[in-house]
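Structure record follows, encoded as structure tokens.
The values are calculated or read from the model by the stated rules, or taken from the named source; none is laboratory data. These numbers come from a predicted model, not from an experiment. Note that we place each Cβ from the backbone using ideal geometry, even for glycine, and neighbour counts take in every protein chain shown.
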Amino acid sequence: MTSRFKRLLLSLAATLLAVPLFSSAPALAQSFPAKPVTLIVPWPAGGSTDRHLRTLAELASKHLGQNIVVQNQPGGGGTLGPGNMALAAKPDGYTIAQYPMGMLRIPHMQKTAWHPLNDFSFIIGVSGYTFGFVVKSDSPHKSFAEYLEAARRAPGKIDYGSTGTGTSPHLLLEELAAEAKLQLNHVPFKGNADLMTAVLGGHVMAGSDASGWDKYVDGGQMRLLATFGEKRTKRWPSVPTAKDLGYNVIGNSPYGLVGPKGMDPAVVKALHDAFKKAMDEPRHLEVLDQLNQDTWYKTGEEYARWARDTFAKDKLLIERLGLAAK
């Protein structure tokens, strides 16, 4: 056997051996999903985010070809569930989570075991909230101005609840209080459902939250004093924005879905495509309309870029409010 023939045989053998190696990654991606996917919602069941994402998961399931099961993991201002996923879940696409704004803010306020950018695979941007400030219908505060005036007369004694320290409903009120030069007493809760129960029970004077209060406002149990959008809502057009009242405080706190770092791009695409199709369905748009939320679509790359920019920008906000970790 000539040396040239030996080299030819060795080259052929190497090529044949390499084929399974190069074809294994597409094969793995093509087999996804082979079982149900868990979607972690880091808020209690029954709140506005839970209502939204349960509908979206149900619609996306039929496009993905497997059930997407919602698992509520409240705590840490919405950071407990995604943070635990980043630390413990395999990057195989079978565990994903909602990624609230608190993920980009809490790390500026306290040490976390996870990094908000480096430890996640960004899948898709989905929506943003309408934030509002509510009191019980029998509250003595008939307007937002009256509530703020009460706080001015009794510094630190007029309270409000939010969905957790470092969440948008908390920071919006603290930003407004700083602008108004008054002190409020903040009471954190695990999520929307717990907060609404506390407001209805008279355990806190008011609640700052996303539009999970909608049914209570429409049902007459609560009064909506202000919203925090760029403009007034279509659903409650008579309610002023904080901007209408002279405060430069605006927020909608966009959110989307993420997985652990290191996910196969083909698996990310499969999840993205299923959820994008679900987002365009009339039933999903109907739920967003009920919650007075808008679509906030971002590809995974666009979402990751937005997260990087927002993480840097919010560092300045946290420092300005005096909430940065010492």
Output the number of residues of segment 79-129 satisfying the condition of being assigned to a loop (DSSP other than H, G, I, E, B), surrounded by fewer than 22 Cβ atoms within 10 Å (Cβ to Cβ) and polar (S, T, N, Q).
3
Kindly indicate the residue of segment 258-286 that is over 20 Å from ASP92 (Cα atoms) and among the aliphatic types (A, V, I, L, M) and also surrounded by the fewest Cβ atoms within 10 Å (Cβ to Cβ) among those meeting that condition.
LEU285
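Condition check ((1) farther than 30 Å from GLY300 by Cα; (2) at pLDDT 95 or above) across all residues:
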residue	(1), (2)
GLY191	no, no
MET196	yes, yes
HIS203	yes, yes
LYS215	yes, no
GLY220	yes, yes
THR241	yes, yes
TYR247	yes, yes
ASN252	no, no
TYR255	no, yes
Only one of LEU8, LEU56, LEU39 is surrounded by fewer than 17 Cβ atoms within 10 Å (Cβ to Cβ) and either at pLDDT 95 or above or on the phi < 0 side of the Ramachandran plot (or both). Can you tell me which?
LEU8
Inspect all residues belonging to segment 232-242 and state whether any of them is under 30 Å from PRO36 (Cβ atoms) and touching a residue at least 60 places away in the same chain (Cβ under 8 Å).
no
Report yes if some residue within segment 286-304 is aliphatic (A, V, I, L, M) and over 30 Å from ILE96 (Cα atoms); otherwise report no.
no
Among the residues of segment 145-189, which ones are more than 16 Å from the chain's Cα centre (by Cα), of a type outside the set (A, V, I, L, M, F, W, C) and either surrounded by 22 or more Cβ atoms within 10 Å (Cβ to Cβ) or assigned to a helix (DSSP H, G or I) (or both)?
GLU146, TYR147, GLU149, ARG152, ARG153, TYR160, GLY161, GLU174, GLU175, GLU179
Is it the case that ASP218 is acidic (Asp, Glu), farther than 30 Å from PRO140 by Cβ, more than 18 Å from the chain's Cα centre (by Cα) and surrounded by fewer than 20 Cβ atoms within 10 Å (Cβ to Cβ)?
no
Tell me, yes or no, whether segment 190-197 has at least one residue that is of a type in the set (D, E, K, R) and part of a loop (DSSP other than H, G, I, E, B).
yes
